[in-house]
Amino acid sequence: MLYEEIMMDNPTLAKYYLFQYLSSQEPDVIQVNAVAERFQHTYQQTYNLLTEIDFELGQLDATQAPLLIRNGRIDLRKLHVTLDEYRYALLLESLPFQFVLYLLHNEKGTIEDFCQQNFVSRSTVNRKLKKINQYLADYGMRFSYNPVDLLGDERMIRITLFYFTWLGTRGVAWPFSIPKEQVYPLSDHYIRYFSMANSFMGRQELLYFATIFELRISQNHLVAYDHKFDFLLEDTPYFDMTSLNDYKGLSAEEAKGESSFIYFLAHFAPYFTTNKDPLLQDTLANFARKPNVVWDFSKAFFDFVETSVLTPDQLAAERELLLGNLLNITLAFYIFENRFPNMHSLMLRPRPQSNSTRHLQQLVLGFFEDKLAQEAFQVYRKPAEQMCKSYRNLLSPYYFALPFNSKLNVALALEHNHLIVVTLVNLLEDLSFTEIFEYAPEEVEHYDLIISTSQQLRKEHPQIPFIIWNFNDQDTEVLELYQKLRNLYIQKNRVDRTLEF
């Protein structure tokens with residue numbers, strides 16, 4: 001589920017998605033009917049939603065002009081309330097979001113007190129929290145009501161609370177009761193360990209992490225030291241394990257556990273985006289310093305990629321970048337030994353896999369099947385499914401950027417009239433990866449795709465990919481055609497390249 005689907009009920013989601021769409025449009029005047037058709041709503045349903053949105057925007061910003069204007073139109077030319085601002089306003093009326101903020105700020109809060117503050121019944125809370133409860137259960141976490149709290153692995157809890165708060169605001173508001181100035185010292189002390197600190201948004205995210213860190217410790221929710229970190233954190237001056245000894249009365253052992261979690265946060269996601277990141281070389285050196293199963297598995301996969309998936313010249317400039325991100329991803333699965341919440345799944349809806357994506361997935365799966373048969377790597381068996389997807393997602397940009405050489409041979413069997421075929425021919429000629437041919441029966445074995453207005457050739461040559469071209473729906477078909485061409489092109493070259501290995 002996406003973040004908004006977890007936090008919002010269906011009526012609120014309808015308004016959010018409508019405003020999201022309007023925010024993405026050019027500043028112009030559009031018809032309510034067109035928007036209704038886009039969302040498969042009736043005119044009246046769309047009009048009612050827009051009326052509610054107008055009212056909420058006015059409450060949020062008194063200078064915001066109404067979107068609805070005369071004659072069933074929507075005026076976007078003066079829309080200046082942002083999607084992030086509107087999302088946050090909706091979340092402030094959302095029980096799941098309010099429940100998260102309540103447990104963060106109330107050490108001894110109760111469900112009765114929460115209900116009283118929000119003027120709702122306990123049964124309403126149970127109903128509204130159903131989706132967020134399902135999400136938490138997937139990762140072994142759950143809410144308690146008396147006291148109100150989030151139970152489970154404290155490390156996973158803090159990561160989840162970060163996602164729940166950050167994705168609700170994206171920096172447009174400060175949802176916490178303690179001022180930013182109070183957490184600056186903690187954030188500033190550890191900022192040098194975080195690659196994300198190189199970006200504006202990353203520095204804001206660090207403040208959220210630090211605030212949740214402080215709030216949870218103040219409620220005596222502590223992270224115990226995990227000896228799996230020994231290979232990375234012990235016997236090195238790079239990581240100062242005594243840095244929290246004077247923080248909020250923590251004992252030396254408690255401080256060690258909390259500082260280890262901070263260092264883990266600096267390494268649990270594929271943060272590196274450039275070879276010039278000064279922390280990249282530190283990461284490679286720290287993981288390679290002692291024998292460990294994180295380095296061994298990551299390096300084995302890296303070597304597999306170099307020899308069986310990507311070409312050396314393609315990867316040469318980013319070898320260390322890929323290895324650094326592999327190490328970070330692998331560390332997280334090594335520590336949790338299970339699935340864990342990730343920002344990617346809360347922000348992006350899964351897309352149907354293309355043939356080429358499935359091929360890459362099979363390559364990664366083959367590696368995992370081989371390595372997980374070895375005793376040394378059994379720690380990765382339980383999270384293997386999510387781990388495979390993470391590895392595949394990390395490889396995808398490299399994999400699909402390979403310099404393919406074999407063009408796609410496209411045969412056209414269309415009416416011989418320039419006015420009819422000119423749009424299609426121009427499109428194909430503009431693509432650098434297609435070669436166009438007039439269909440000839442004796443050349444069929446050389447064609448990768450046939451495009452025709454007749455189904456007859458599909459019957460005669462069922463082994464060859466085929467597209468029936470509809471001249472009356474070219475706007476829709478052009479996009480579908482490009483996607484089909486691109487997938488066939490990648491598939492053709494991927495097969496050629498795979499045979500070389």
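The values are calculated or read from the model by the stated rules, or taken from the named source; none is laboratory data. Predicted model, so just to flag it, every value in this text is computed and none were measured. Note: ideal-geometry Cβ built from the backbone for every residue, glycine included; neighbour counts use all protein chains shown.
Quick rundown of the values:
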read-out	value
Count of segment 72-100 residues which are touching a strand residue (DSSP E or B) at 6+ places or on another chain (Cβ under 9 Å), over 18 Å from Pro27 (Cβ atoms) and surrounded by fewer than 19 Cβ atoms within 10 Å (Cβ to Cβ)	1
Among the residues listed as Gln44, Gln64, the single one being free of Cβ contacts under 8 Å to residues at least 24 places away in the same chain and exposed (fewer than 15 other Cβ atoms within 10 Å of the Cβ)	Gln44
Matching residues, segment 406-423, being at pLDDT 85 or above and either loosely packed, with under 14 Cβ neighbours inside 10 Å or not basic (Lys, Arg) (or both)	Leu408, Asn409, Val410, Ala411, Leu412, Ala413
Residue within segment 204-219 that is surrounded by fewer than 16 Cβ atoms within 10 Å (Cβ to Cβ) and basic (Lys, Arg) present	no
Unique residue being at pLDDT 85 or above and under 22 Å from Gln483 (Cβ atoms) when the list is Phe433, Phe437	Phe437
Which listed residue, of Thr330, Thr307, is part of a helix (DSSP H, G or I), in the same structural domain as Val364 (by the TED database) and closer than 25 Å to Gly202 by Cα	Thr330
Residues of segment 284-325 satisfying the condition of being in contact (Cβ under 8 Å) with a residue 40 or more places away in the chain, within 25 Å of Arg381 (Cβ to Cβ) and of a type in the set (Ser, Thr, Tyr)	Thr307, Ser308
Flag if Gln134 is closer than 26 Å to Glu52 by Cα and of a type outside the set (D, E, K, R)	no
Count of segment 101-113 residues which are modelled with pLDDT of 95 or more and either under 32 Å from the mean Cα position of the chain (by Cα) or surrounded by fewer than 18 Cβ atoms within 10 Å (Cβ to Cβ) (or both)	9
1 or more residues out of contact with any His (no Cβ under 9 Å at 6 or more places or on another chain), more than 22 Å from Ser345 (Cβ to Cβ) and of a type outside the set (A, V, I, L, M): qualifying helices (runs of 4 or more DSSP H) within segment 60-174	83-91, 95-105, 111-118, 122-128
Residue list for segment 167-190, filter: surrounded by 17 or more Cβ atoms within 10 Å (Cβ to Cβ) and more than 20 Å from Pro96 (Cα to Cα)	Val183, Leu186, Ser187, Tyr190
Test set (1) outside any helix (DSSP H, G or I); (2) more than 30 Å from Glu214 (Cα to Cα) - Thr51 fails condition number	(1)
Total residues in segment 211-244, condition among the aliphatic types (A, V, I, L, M) and in a loop (DSSP other than H, G, I, E, B)	5
